[in-house]
Amino acid sequence: MLGSLDARIPAGSLDSKWTDHKFSMRLVNPNNKRRFDVIVVGSGLAGASAAASLGELGYRVKVLTYHDSPRRAHSIAAQGGINAAKNYQNDGDSVYRLFYDTIKGGDYRAREANVYRLAEVSVDIIDQATAQGVPFAREYGGLLDNRSFGGAQVSRTFYARGQTGQQLLLGAYSALMRQVAAGTVELHTRSEMLELVMHDGRAVGVVTRDLITGEIVSHSAHAVVLATGGYGNVYFLSTNAKMCNVTAAWRAHRQGALFANPCYTQIHPTCIPASDDFQSKLTLMSESLRNDGRIWVPLAHDDGRGPHEIPDADRDYFLERKYPAFGNLVPRDVASRNAKTVVDEGRGVGPLRNGVYLDFSGAMARDGEAVIRAKYGNLFDMYERITGEDPYTVPMRIYPATHYTMGGLWVDYELMSNVPGLFVLGEANFSDHGANRLGASALMQGLADGYFILPYTIGNYLSDFLGDPALGTSEPVFADAEQAVADEMNRWLSIGGTRSVDHYHRELGKLVWDYIGMARNKTGLEKALSEIPALREEYHRNVRVLGSADTLNQSLEKAGRVADLFELAELMARDALTREESCGGHFREEHQTTDGEAMRDDDNFTHVAAWEWNGEGTPQTRHREELEFDNVELTQRSYK
Amino acid sequence: MSAEINLTLKVWRQAGPNAEGRFVTYEAGGISTDASFLEMLDIVNERLIEAGEEPIVFESDCREGICGTCGLMINGQAHGPQKGTATCQLHMRSFSDGDHIVIEPWRATSFPVLRDLAVDRRAMDAIIGAGGYISVNTGAAPDANLTPVPKETADTAFDAAACIGCGACVAACPNSAAQLFTAAKVQHLNLLPQGQAQRWARTEAMVETMEAFFGSCTNHGECEEACPKEIPIDFIAWTNRDYIKAKVKNRKLVG
């Protein structure tokens, strides 16, 4: 049984912990590195940067991804930028300020030591990416440009037009492909991890299914690294890519890895509103738009007039009104919740009355259309392709949508889960964003974990196993795991029900959005806890998966992923129900201030909730990791 | 405004890499013009599953035009009729009631069909592995502002770097060359000061790896028309110039 969770945070002052710890960790000498096998699952920013860095160091690395190429990972879709405490703008930024903004932005539900380290290494990421050829935006003098993002009063965000994630991922992917060509990294595309293999309480490998041939393959290693992203697709409609799922993390959870803070999900304020039932995903419009766009709705309920017919006096710029200091640049959770409030009041805009305006007419009058086009042209074009409306002449319509999940597998300071040998990076872990992630911090965290943290900490674990070969894949634990995967495939194919996997996924998403969405309450969460298992039971009885397992079969791939999302959704509801407070993205309607702001309960909930799997049909056990704040004072976040 | 249209689809079905393929006709009725092209296929697939038929395999992921996973030949055009638009961002308002739409996978020897509309594009990764990088180990980088890069240079490098690696250029090319893909990556790195140290080695290796897998470029220009990111073929011209220079600069001593 687990005692209270120990994150193994090093002693010492905040600004010396990481430096001291790097010195105290054991090293693996260059000749010994090539005797260690490391599996990296996932090829996004965290996975690709980790695999490339470990390959450069001399480890034998195997990268497993279900994509046809590592470059497809969903990091590619991040638009706005990446934060770093470079203070190139001379506007008062520092490592401490980035740390402080991130801790505050996360509503004081993240570890001080982790967040400080993140802010510390942020500056190295920009150097690394620039050296790789990432074409960040520049000033006319040739130096790097910055812009500001929500939750900050300095300009510390580096960007590459509206495609920063793409350019950073292509940088990490190129570093990865360099190692593939050099022979230090073995790349397996279209390989989906379906089991984590354990031996003597340690992670010793994984079992994958080849998505083209259906072949079930064992892979053994001294350590397994999961960099498999978030679980936003539990809502069905989200800004995540269609294939994003929780399966790798969830299968690890079922083998004993704790799942932390699943109820911390982020609803991004600026997405294109849903248009109809056939909608397959929602599209984000970068938060950077809030630098120049003004958000408003009509003052009057059910105002039928078009945006141009509504004079300024009849408009409510509700973020500027309520938060004069931060205005349209309040953090995402605050912006989203306020948009929900005005739409719920009946002041929404658009044909379905399900959006708010994001208006650039003021910025275009001030700076000229050419300047706005240069900054946001690709986003405006994308908006027009999707909606058929021209945002240069008609204000954009936006509404919040699920975008990122702060929860994930529990990890200690060294990014190792409670399962020895299992490391978790990027969005797949829970560590750095607390209850709400600030804009432009996801790219920072993924690359910090992969380039600058794991390459140090993994050696500290591996040095215990010097001279031990990795467990052979002929061992019974691998055969058992392979059999489990084969049985699962046969089970899906033999149900012979009547409705598609997508049908159930969509129905699940509606429940999760209604009950565990932007605002939650006890009644809704209890409903979720009865309705989700009921739908899950029907899913396992009535889903229709056609075809066979020995070929490319997309319904079969999705069947297992959706089954895992069902189990996760139930845990989200339980986590949200237990956390009797509002913090960041977790807003419990019972816990709010008189003016509708989130109200934390620091006496009872300044901790991480990490859930332990107890087998199917038995609720998970909740463990706690107490959060200690020695450097910042816990206050109610104020962006006024 | 949204309307509903009825379509007849002629879709390439192929059970596996070595199976015979054929066109199968499907009626797709009551499709909203607000749906994306892939959402239209989702609807068709949902109906096929209800009818007990295996759904059409097609690939997609981000559905916002950036990951490069999707890609279909639509009425003979890579990514369909809308310029500068990937298949996932093409919407049904580009079509009319009663239209017949022919849907095929990318056609190229170096992109073997895996099933139905899905193809294997790993040859493109091999081109990147041949030199599509700047060799800088993690931790070895100097301060990012040490080397100023003129804004115009950075912007042009970005124009090349915008490539999403979808393979439309190959599918559109009469020779099935991946020259636009290769040139975009070569020029992204060759234009930047950071990319100079490996400029000539990179150019030779990437161009020749491209030629080993794909056909040769003979300047038809179809790639530029098909590119969802509208990457100009100027980059091909610049790469051809760099390639000739590289052959001279990469000479080895024979003595």
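What list of ³J(HN,Hα) values in whole Hz, one per residue of the range A:397-407 in order, does the Karplus curve 6.51 cos²θ - 1.76 cosθ + 1.60 (θ = phi - 60°) give from phi, with Gly and Pro shown as x?
Values, residue by residue: 10, 9, 7, x, 8, 4, 9, 7, 10, 6, x Hz.
In deg cm²/dmol and to the nearest 500, what is the mean residue ellipticity at 222 nm of the protein assembly as shown if only DSSP H runs of at least 4 residues count, each as -39500 (n - 2.57), divided by the residue total?
Details: 26 runs with 313 residues, N = 895.
Rounded to the nearest 500, it is -11000 deg cm²/dmol.
So if I average 1/r over every pair of distinct C-alpha atoms in the range A:563-610 and take the inverse, what Kirkwood radius in Å does that give? Before the final figure, lay out the partial values.
Values: mean 1/r = 0.0856 Å⁻¹.
Hydrodynamic radius (Kirkwood, Cα pairs) of the range A:563-610 is 11.7 Å.
Taking 0.36 nm per residue of separation and subtracting the Cα-Cα distance, what length does fully extending residue B:18 through residue B:249 add?
Working: separation 231, 0.36 × 231 = 83.16 nm, distance 4.39 nm.
Once the chain is fully extended between residue B:18 and residue B:249, it gains 78.8 nm.
Name the residues whose placed amide hydrogens come within less than 5 Å of the amide hydrogen of residue B:144, ignoring near sequence neighbours (fewer than 5 apart) on the same chain.
Amide H neighbours of residue B:144: A:127.
For residue A:314 and residue A:464, what does the FRET efficiency come to when R0 = 51 Å and r is the distance between their Cβ atoms, rounded to the nearest 0.05? Could you put the intermediate results ahead of the total?
Numbers: r = 69 Å, r/R0 = 1.35.
After rounding to 0.05, the efficiency reads 0.15.
Between residue B:100 and residue A:393, how many nm apart are label points set 7 Å from Cα along the C-beta direction?
3.7
For the ranges B:171-180, A:136-145, what's the packing order if you count other beta-carbon atoms within 10 Å of each residue, average per peptide, and put the highest first? Provide the component values of the computation, followed by the final result.
Numbers: B:171-180: 23.1, A:136-145: 16.6.
The densest-packed peptide leads the list: B:171-180, A:136-145.
For residue A:371, put the label point 7 Å out on the Cα→Cβ axis and report which residues of the range A:285-327 keep their amide N under 20 Å from it.
Answer for the range A:285-327: A:287-295, A:327.
Can you give the Rg to Rh ratio for the range A:558-640, taking only C-alpha atoms and Rh from Kirkwood? Write down the numbers at each step before the final one.
Details: Rg = 15.8 Å, Rh = 15.0 Å.
That ratio equals 1.06.
Once you treat every alpha carbon in the range A:476-626 as an equal point and sum by Debye, what is log10 I(q)/I(0) at q = 0.10, 0.14, 0.15, 0.17 Å⁻¹?
Treating every Cα as an identical point scatterer, log10 I(q)/I(0) equals -0.46, -0.79, -0.87, -1.01.
Please figure out what share of the DSSP beta bridges in chain A is antiparallel and state it in percent, rounded to the nearest 5. Show your work: numbers first, answer last.
On the way: 45 of 64 bridges.
Around 70 percent of the beta bridges assigned by DSSP in chain A are antiparallel ones.
How large is ³J(HN,Hα), in whole Hz, for each residue of the range A:224-231 in order, when computed from phi with the Karplus curve 6.51 cos²θ - 1.76 cosθ + 1.60 and θ = phi - 60°, using x for Gly and Pro?
10, 10, 9, 9, 10, x, x, 10
With θ set to phi - 60° and the Karplus curve 6.51 cos²θ - 1.76 cosθ + 1.60, what are the ³J(HN,Hα) couplings of the range A:5-14 in order, to the nearest whole Hz, using x for Gly and Pro?
Values per residue, Gly and Pro as x: 6, 10, 7, 6, 7, x, 6, x, 6, 3 Hz.
With label points built 7 Å along Cα→Cβ from the Cα atoms of residue A:490 and residue B:220, find their separation and express it in nm.
4.9
For an R0 of 30 angstrom, estimate the FRET efficiency from the Cβ-Cβ distance between residue A:352 and residue A:590 and round to the nearest 0.05. The partial results should precede the final answer.
Details: r = 29 Å, r/R0 = 0.97.
About 0.55, to the nearest 0.05.
Starting with the highest mean, order A:494-505, B:107-118 by the number of other Cβ atoms within 10 Å, averaged over the residues of each peptide. Write down the numbers at each step before the final one.
On the way: A:494-505: 17.2, B:107-118: 21.0.
Put in order of decreasing packing, that is B:107-118, A:494-505.
Along the positive direction of the dipole of chain A (beta-carbon charges: Lys, Arg +1; Asp, Glu -1; about the Cα centre), which of A:110, A:69, A:223 reaches farthest?
Result: A:69, furthest along the dipole toward the positive end.
Calculate the translational D of the range A:364-478 in whole µm² s⁻¹ from Stokes-Einstein, where the hydrodynamic radius comes from the Kirkwood formula applied to all Cα pairs, the temperature is 25 °C and the viscosity 0.890 mPa s. List each step's numbers first, then the result.
Values: Rh = 18.5 Å.
Roughly 132 µm²/s, to the nearest whole number.
Which percent of Cα pairs goes in each bin when the distances of the range A:3-55 are cut into 10 angstrom slices starting at zero?
The calculated distribution, bin by bin, is 18, 28, 43, 11.
Dividing the Cα convex hull volume of the protein assembly as shown by residue count, how many Å³ per residue is that? All intermediate terms of the calculation are to be shown ahead of the outcome.
Working: hull volume 146.3 nm³, N = 895.
Given the Cα convex hull of the protein assembly as shown, per-residue volume reads 163 Å³.
Kyte-Doolittle cut-off 0.5, length cut-off 24 Å along the helix's own axis using Cα: show which whole DSSP H helices in chain A pass. If you can, show how the numbers build up before the last one.
Working: long enough: A:112-132 (30 Å, 0.04); A:164-182 (27 Å, 0.52); A:476-495 (28 Å, -0.01); A:522-542 (30 Å, -1.09); A:554-578 (36 Å, 0.04).
Helices passing the filter in chain A: A:164-182.
Tell me, A:82, A:372 in order of fewest to most beta-carbon neighbours within 10 Å?
A:372, A:82
For a Förster distance of 45 Å, can you work out the FRET efficiency between the beta-carbons of residue B:211 and residue A:139, rounded to the nearest 0.05? Can you show the working numbers first?
Values: r = 39 Å, r/R0 = 0.88.
It comes out at approximately 0.70.
Ignore the peptide's own chain and count Cβ atoms of other chains within 10 Å of each Cβ in B:50-60; give me the average, rounded. Present the calculation step by step, with values, prior to reporting the outcome.
Values: counts 5, 0, 4, 1, 7, 7, 1, 6, 1, 7, 5.
Average neighbour count from other chains, rounded to a whole number: 4.
Readers should treat all values here as calculations from the given coordinates under stated rules, not as data from a laboratory. Keep in mind the model is a prediction, meaning the values are calculated, not measured. In this analysis, Cβ positions are derived from the backbone assuming ideal geometry, glycine residues included, and neighbour counts consider all displayed protein chains.
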